[in-house]
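Heads up, the thing below is written out as structure tokens.
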Amino acid sequence: MTTAHVPLWEVFLRARNGLAHKHAGSLHAADAEMALQAARDVYTRRGEGVSIWVVPSAAIIASEPAEAGMLFEPTASKIYRHPTFYEVPDEVGHM
Amino acid sequence: MYTQALNAKDAADGGAEDADRMARFQARIDAEERIEPNDWMPEAYRRTLVRQISQHAHSEIVGMLPEGNWVTRAPSLRRKAALIAKVQDEGGHGLYLYSAAETLGVAREELVDQLLSGKAKYSSIFNYPTLSWADIGAIGWLVDGAAIMNQIPLCRCSYGPYARAMIKVCKEESFHQRQGFEIMNTLAKGSPAQKAMAQDALNRWWWPSVMMFGPPDSASQHSDTSMRWKIKRFTNDELRQQFIDATVPQAHYMGLEIPDPALKHDAESGHWTIGEIDWTEFKAVIAGNGPCNRQRLRQRREAHESGAWVREAALAHAEKRRRRAAAAVTAAAAE
Amino acid sequence: MTHDPRFLFALRLADDALILGHRLSEWIGVAPQLEEELALANIALDLIGQARMLYAHAGEIEGKGRDEDALAYLRDVPDWQNVLLVEQPNGDFARTIVRQLIYSAFMAPLWRGLKASADPTIAAVAAKAEKEVAYHVRHAGEWLIRLGDGTDESHARAAEAVEELWPYGGELFEVDEAGRTLIAAGIAMDPESVRAEWNTTMDMVLAQATLARPADGWHQSGGRKGRHSEHLGHLLADMQFLQRAYPGATW
């Protein structure tokens, strides 16, 4: 059986205005309009979204897990970027 | 949403894998870290997941057929709408699961081909026929009930995309079992003919449902690896017992009888114990000799084949649009 | 038997929606792709939902204690008031899509207009249905464009479906005595008022789909008077089986 491959799309939903779009899942569709409709029919059946993005999966550039150390570990030592690094006397109250 | 521990045997991974990487992988699993698509993983872990997730997806898709068999005959508009929504959910769950399997580097088309060629397995429960409306109740109550027992632990599966799909599935499924129970309960409280219908459905679906959890732990070859990898968190027998303990009192509440003369309540352990399971039937149905194996696959195959021209049309149209857009760009550039 | 025109009006809208919703539900498990399984089921659920509200309303107007299920499950063929279009079999996917487009392109402007109906229940149903049907137009329209302007095979199938189903569109525009009374009372809407929009939608989609629009003229008719095609009896035999086999049972 020879089956032509229908492109894969990633679906992002905005649950309600004020929130960012969040990855909801993926689906197959021949083109962008079909992908948008399918996203609506598959991923918003229970009021999960008020806005949809569909992106061809092939268009996503991902970082390599093997490079995670190089990319993300150096930041762990920069604790002075966080407010808890600094001391404020209790009497001063919330800052 | 249905899963079944019918995974074929899978030899432990060969020594080819770097022992050091294996140890680090296992350490991540032991630390309850999730494994994500591009992370290094042992080949056997990948194979096990592709097989289990795709079987799970196939089960959802084939599972649409026995229930779909009653969609047009649902006895009230309320039941009709609920059943359409439920069967639709199963299609959605199949879709989420195929997507999860695809993150492991295998295309949905390949997985579907494996199903249609008879190479891949799906939950054998769907090789039983739905003969009366009560079967729709029994499937929701028993089959979905059994599936939920299996699926809740899968929400914590070590493979991220599978776990995330299962969380979505479990959330959506919460109405399925209640829907089935309500149908059964209504029939059990209805006319004598309706009650008989409900009892008959329970008689036919009880043992296949109990078998959905797969072979007994004593005979299950690769539970060990799956447990070590936290793909699986409870054994077949543990989940089966949970299901029996939850379901027997529900049957009694409805005034229905579990078709097992050996069934008894063990006051000491608090568990219900059941009689001997007929594993020869289980094996026969898995091997292809169930009441509906051929019928279900034929229906899937026919749907796939008769939809081919539609999928081809959509792809051809998309290609035409691309070409037109490219031509427009070229024309604009030439100006 | 003469019925209250308001009863007939609600019943006709309900029968159209239920029969078409039922037809779409026959696709379950056999749709051309998985994503489309869910899309067709969504449309079916929209239509069945509309039918339920409309049957409840019709039953109240009639005042004889018939609920949605009595109206859906206990009437025989001559009592059904749906247009012949919606009872036509699914056929292939092209047939299903063309049938959906003809109906939805008519209902979208009709529901929009009925939001101003003097009957508040109809107006409430219209407010909900308008949005649902607008999406059905988009779904069916986009599909027909792809089928018509896809492969040679899909074009041929789409062209045949349009040819076959076009004569069933005219019945949507029929108005009888009961209809005229309600149009005058501001409860119903004159279907002529949506013809221009229906034409525009159909022409736009057909043009993009590279499909020819068949000539108007003679059209199939009879559903609104209870004279149906052979198909409806089989549909009802299927749909009503349990209610008929176990009279009076609760499900």
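The values are calculated or read from the model by the stated rules, or taken from the named source; none is laboratory data. Just so it is clear, the model here is predicted, and its values are computed rather than measured. Positions of Cβ are generated from backbone atoms using ideal geometry, with glycine treated the same way; all protein chains shown enter the neighbour counts. Accessible surface areas use protein heavy atoms only, side chains included; no ligands, DNA or RNA. Shrake-Rupley method; radii C 1.70, N 1.55, O 1.52, S 1.80 Å.
Residues that are surrounded by 15 or more Cβ atoms within 10 Å (Cβ to Cβ) and within 14 Å of chain C (Cβ to nearest Cβ) number at least 3 in the following helices (runs of 4 or more DSSP H) confined to the range B:178-273: B:192-211.
The residues of the range B:298-335 that are within 29 Å of the chain's Cα centre (by Cα), open to solvent by less than 90 Å² (accessible area, probe 1.4 Å) and basic (K, R), listed by number, are B:R300, B:R301, B:R311.
Here is a yes/no grid of residues against (1) in contact with a Ser or Thr (Cβ under 9 Å, 6 or more places away or on another chain); (2) open to solvent by less than 10 Å² (accessible area, probe 1.4 Å):
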| residue | (1), (2) |
| --- | --- |
| C:Y55 | no, yes |
| C:G63 | no, no |
| C:D69 | yes, no |
| C:D92 | yes, no |
| C:I97 | no, yes |
| C:W111 | no, yes |
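Mind listing just one residue for me: the one in the range C:20-35 that is of a type outside the set (A, V, I, L, M, F, W, C) and touching a residue at least 40 places away in the same chain (Cβ under 8 Å) and, of those, nearest to the other protein chains (Cβ to nearest Cβ)?
As a first pass, look at the range C:20-35 and keep what is of a type outside the set (A, V, I, L, M, F, W, C): C:21-23, C:25-26, C:29, C:32-33, C:35.
From what is left, the residues that are touching a residue at least 40 places away in the same chain (Cβ under 8 Å) are C:22-23, C:26, C:32.
Values: C:H22: 7, C:R23: 9, C:E26: 6, C:P32: 3 Å.
Here the answer is C:P32.
Of all residues in the range A:9-39, which are charged (D, E, K, R), crowded, with 16+ Cβ neighbours inside 10 Å and closer than 16 Å to B:A165 by Cβ? Result: A:E10, single match. Being more than 22 Å from the chain's Cα centre (by Cα) and polar (S, T, N, Q) holds for only one residue in A:S77, A:S63, A:S26, and it is A:S77. Do we find a residue being open to solvent by 20 Å² or more (accessible area, probe 1.4 Å), more than 14 Å from the chain's Cα centre (by Cα), of a type in the set (S, T, Y) and over 24 Å from A:V42 (Cα atoms) anywhere in the range B:72-87? Among the residues of the range B:72-87, not one is open to solvent by 20 Å² or more (accessible area, probe 1.4 Å), more than 14 Å from the chain's Cα centre (by Cα), of a type in the set (S, T, Y) and over 24 Å from A:V42 (Cα atoms), which makes the answer no. Reported count of residues in the range B:290-335, each being within 25 Å of C:I97 (Cβ to Cβ) and assigned to a loop (DSSP other than H, G, I, E, B), is 1.
From the list B:G105, B:G118, B:G94, the lone residue that is open to solvent by 10 Å² or more (accessible area, probe 1.4 Å), of a type in the set (G, A, S) and touching a Leu at 6+ places or on another chain (Cβ under 7 Å) is B:G118.
Table: residues versus (1) within 17 Å of B:G307 (Cα to Cα); (2) free of Cβ contacts under 8 Å to residues at least 40 places away in the same chain.
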site	(1), (2)
C:G91	yes, no
C:R95	yes, no
C:Y103	no, no
C:A118	no, no
C:A126	no, yes
C:V137	no, no
C:G148	yes, no
C:E153	yes, yes
C:W166	no, no
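When the range B:19-69 is limited to residues that are touching an Asp or Glu at 6+ places or on another chain (Cβ under 8 Å) and within 30 Å of B:A85 (Cα to Cα), the one that is nearest to the other protein chains (Cβ to nearest Cβ) turns out to be B:M64. Every condition in (1) within 30 Å of A:A32 (Cβ to Cβ); (2) in contact (Cβ under 8 Å) with a residue 12 or more places away in the chain; (3) not acidic (D, E) holds for B:R311 except the one numbered (2).
Quick check, is A:V42 open to solvent by less than 30 Å² (accessible area, probe 1.4 Å), assigned to a helix (DSSP H, G or I) and facing chain B (nearest Cβ under 9 Å)?
Taking the combined requirement at face value, the residue satisfies it.
Of the candidates B:T130, B:T103, the single residue that is more than 7 Å from every other protein chain (Cβ to nearest Cβ) and closer than 19 Å to B:C292 by Cα is B:T130.
Every residue, every condition in (1) touching an Asp or Glu at 6+ places or on another chain (Cβ under 6 Å); (2) surrounded by 23 or more Cβ atoms within 10 Å (Cβ to Cβ); (3) under 18 Å from B:E67 (Cβ atoms), yes or no:
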| position | (1), (2), (3) |
| --- | --- |
| C:F7 | yes, no, no |
| C:A14 | no, yes, no |
| C:I19 | yes, yes, no |
| C:L24 | no, yes, yes |
| C:A41 | no, yes, yes |
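Would a scan of the range C:63-71 turn up a residue that is of a type outside the set (G, A, S) and in contact with an Asp or Glu (Cβ under 8 Å, 6 or more places away or on another chain)? No, because not a single residue in the range C:63-71 is of a type outside the set (G, A, S) and in contact with an Asp or Glu (Cβ under 8 Å, 6 or more places away or on another chain). Please work out which residue is nearest to C:D69 (Cα to Cα), limiting yourself to the range B:37-93 and to residues that are of a type in the set (D, E, K, R) and without any contact (Cβ under 8 Å) to a residue 40 or more places away in the chain. By that ranking, first place goes to B:R78. Within the range C:148-189, being over 30 Å from C:A58 (Cα atoms), of a type outside the set (A, V, I, L, M, F, W, C) and open to solvent by 20 Å² or more (accessible area, probe 1.4 Å) holds for C:T151, C:D152, C:E153, C:H155, C:R157, C:E160, C:E163, C:E164. Taken together, the residues in the range A:58-85 that are under 29 Å from A:L27 (Cβ atoms) and away from chain B (no Cβ under 14 Å) amount to 1.
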